[in-house]
């Protein structure tokens, strides 16, 4: 479904630093991901997938795992507090709403006023907003980089900028799995958004299938591939509802070594398909297991904008991958603040690893 991030039922964005594990739990972020509207008459819903509990021993578990993004030259959380966050995206300093920043700002007002862009207006999940440029009016896009991969940042009407920096922890880990496999690896990126994860996987040597139901997001992702000078890498860009695509891959017998899926709490697909996270996630997770290769590497689930605990998706992943061995590790993605060193939690995650 449609991502925004422009999301969506499909897509993201989904940037930079060294990841580390810390066993300190934090709360999930409440920043919403906008949902794109369906433009056509809803299709009849397919019958619900019949789910049965998998046989076999549950995978081992590691939790809580906190994956951290530290400030670097590409991205930094400069400060946060009073319901907002001050960020550095490449050349620009940006202020955006952040509901979880309930503490006080550490930097003085002059630092918060010395910015290039401020998001204003409606901050509801489906609300439209706008950007104010205190210094010089800026264009819609600007050049950004993650670990040597060039891409475009973009001032969207939903306060997002085309990338989710905390996802870099997953990207780095995935690239390592692809490199260490020493064999051809196929990656499926559901709800792929603007394509950073797909570009990282392709650069690492994988054959990638990128799925998002938003035509705008797919176009942006293709543009990022060109800017990153990775047009020679094997990436299939699929504009389709994520659930429907996964179901079709299961029927066709197609399989993947790594699957990433980053669904919204709620979304609509291009043909009116409705996605409700707590209702539909178990079925999609089950399908993801069924379309793994005989020697899979990982399945990575990220959940934004939900009022829940990572224990919920942790239990779902362990049940789904029963009998497959490996380990399920779950926790939160956080961004470490530069000013006072506080941790801003952005999302929950759970991932099954074959090793």
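The values are calculated or read from the model by the stated rules, or taken from the named source; none is laboratory data. The structure displayed is predicted, hence computed values, not measured ones. For neighbour counting, all protein chains shown are included, and Cβ atoms are generated from backbone atoms with ideal geometry for every residue, glycine included.
So, of the residues in region 313-338 that are in a loop (DSSP other than H, G, I, E, B) and touching a strand residue (DSSP E or B) at 6+ places or on another chain (Cβ under 6 Å), which turns out to be nearest to residue 84 (Cα to Cα)?
So the first thing to find is which residues in region 313-338 are in a loop (DSSP other than H, G, I, E, B), and the list is 321-326, 338.
Among the residues that remain, those that are also touching a strand residue (DSSP E or B) at 6+ places or on another chain (Cβ under 6 Å) are: 321, 326, 338.
On the way: 321: 39, 326: 39, 338: 15 Å.
Only one residue tops the list, namely 338.
Hey, among the residues in region 196-215 that are part of a loop (DSSP other than H, G, I, E, B) and out of contact with any strand residue (DSSP E or B) (no Cβ under 6 Å at 6 or more places or on another chain), which one's nearest to residue 144 (Cα to Cα)?
Filtering region 196-215 for residues that are part of a loop (DSSP other than H, G, I, E, B) and out of contact with any strand residue (DSSP E or B) (no Cβ under 6 Å at 6 or more places or on another chain), the one nearest to residue 144 (Cα to Cα) comes out as 204.
In the list 316, 353, 333, which residue meets the criterion of being at pLDDT 95 or above and surrounded by 24 or more Cβ atoms within 10 Å (Cβ to Cβ)?
Details: 316 fails: surrounded by 24 or more Cβ atoms within 10 Å (Cβ to Cβ); 353 fails: surrounded by 24 or more Cβ atoms within 10 Å (Cβ to Cβ).
Within the list 316, 353, 333, the selection yields 333.
Of the conditions (1) modelled with pLDDT of 95 or more; (2) crowded, with 22+ Cβ neighbours inside 10 Å, residue 263 satisfies every one except a single condition; which number is it?
If we test residue 263 against (1) modelled with pLDDT of 95 or more; (2) crowded, with 22+ Cβ neighbours inside 10 Å, just (1) comes out false.
Would you confirm, using the coordinates I've provided, whether residue 200 is over 25 Å from residue 91 (Cα atoms), surrounded by 24 or more Cβ atoms within 10 Å (Cβ to Cβ) and in contact with a helix residue (DSSP H, G or I) (Cβ under 9 Å, 6 or more places away or on another chain)?
no
Tell me, yes or no, whether region 55-71 has at least one residue that is out of contact with any strand residue (DSSP E or B) (no Cβ under 9 Å at 6 or more places or on another chain), at pLDDT 50 or above, surrounded by fewer than 24 Cβ atoms within 10 Å (Cβ to Cβ) and at negative phi. Explain how you work it out, then say what you get.
From region 55-71, those out of contact with any strand residue (DSSP E or B) (no Cβ under 9 Å at 6 or more places or on another chain) are 55-57; that's our starting set.
Pick out the ones that are also at pLDDT 50 or above and you get 55-57.
Narrowing further to those that are surrounded by fewer than 24 Cβ atoms within 10 Å (Cβ to Cβ): 55-57.
Those left that are additionally at negative phi: 55, 57.
Scanning region 55-71 turns up at least one residue that is out of contact with any strand residue (DSSP E or B) (no Cβ under 9 Å at 6 or more places or on another chain), at pLDDT 50 or above, surrounded by fewer than 24 Cβ atoms within 10 Å (Cβ to Cβ) and at negative phi.
Please work out which residue is farthest from the chain's Cα centre (by Cα), limiting yourself to region 103-126 and to residues that are modelled with pLDDT under 95 and outside any strand (DSSP E or B).
Ranking the candidates gives 122 first.
Report whether or not residue 233 is buried (at least 17 other Cβ atoms within 10 Å of the Cβ) and assigned to a loop (DSSP other than H, G, I, E, B).
So residue 233 passes the test.
Could you please give the count of residues in region 261-294 that are assigned to a loop (DSSP other than H, G, I, E, B) and in contact with a helix residue (DSSP H, G or I) (Cβ under 9 Å, 6 or more places away or on another chain)? Give the derivation first.
Within region 261-294, the first condition is being assigned to a loop (DSSP other than H, G, I, E, B), and the residues that meet it are 262-265, 269-273, 291, 293-294.
Checking which are in contact with a helix residue (DSSP H, G or I) (Cβ under 9 Å, 6 or more places away or on another chain) leaves us with 262-265, 269-271, 273, 291.
Qualifying residue count, region 261-294: 9.
Report yes if residue 157 is under 22 Å from residue 347 (Cα atoms), more than 18 Å from the chain's Cα centre (by Cα) and surrounded by fewer than 24 Cβ atoms within 10 Å (Cβ to Cβ), otherwise no. If you could, list the steps in order and put the result at the bottom.
On the way: under 22 Å from residue 347 (Cα atoms): yes; more than 18 Å from the chain's Cα centre (by Cα): yes; surrounded by fewer than 24 Cβ atoms within 10 Å (Cβ to Cβ): yes.
Judged against the criteria, residue 157 is a match.
Does region 77-92 contain any residue that is part of a strand (DSSP E or B) and within 30 Å of residue 353 (Cβ to Cβ)? Break it down into steps so the answer makes sense when it comes.
The first filter runs over region 77-92 and keeps only residues part of a strand (DSSP E or B), leaving 77-81, 84-89, 92.
This time we only want the ones that are within 30 Å of residue 353 (Cβ to Cβ), so: 77.
Within region 77-92, one or more residues are part of a strand (DSSP E or B) and within 30 Å of residue 353 (Cβ to Cβ).
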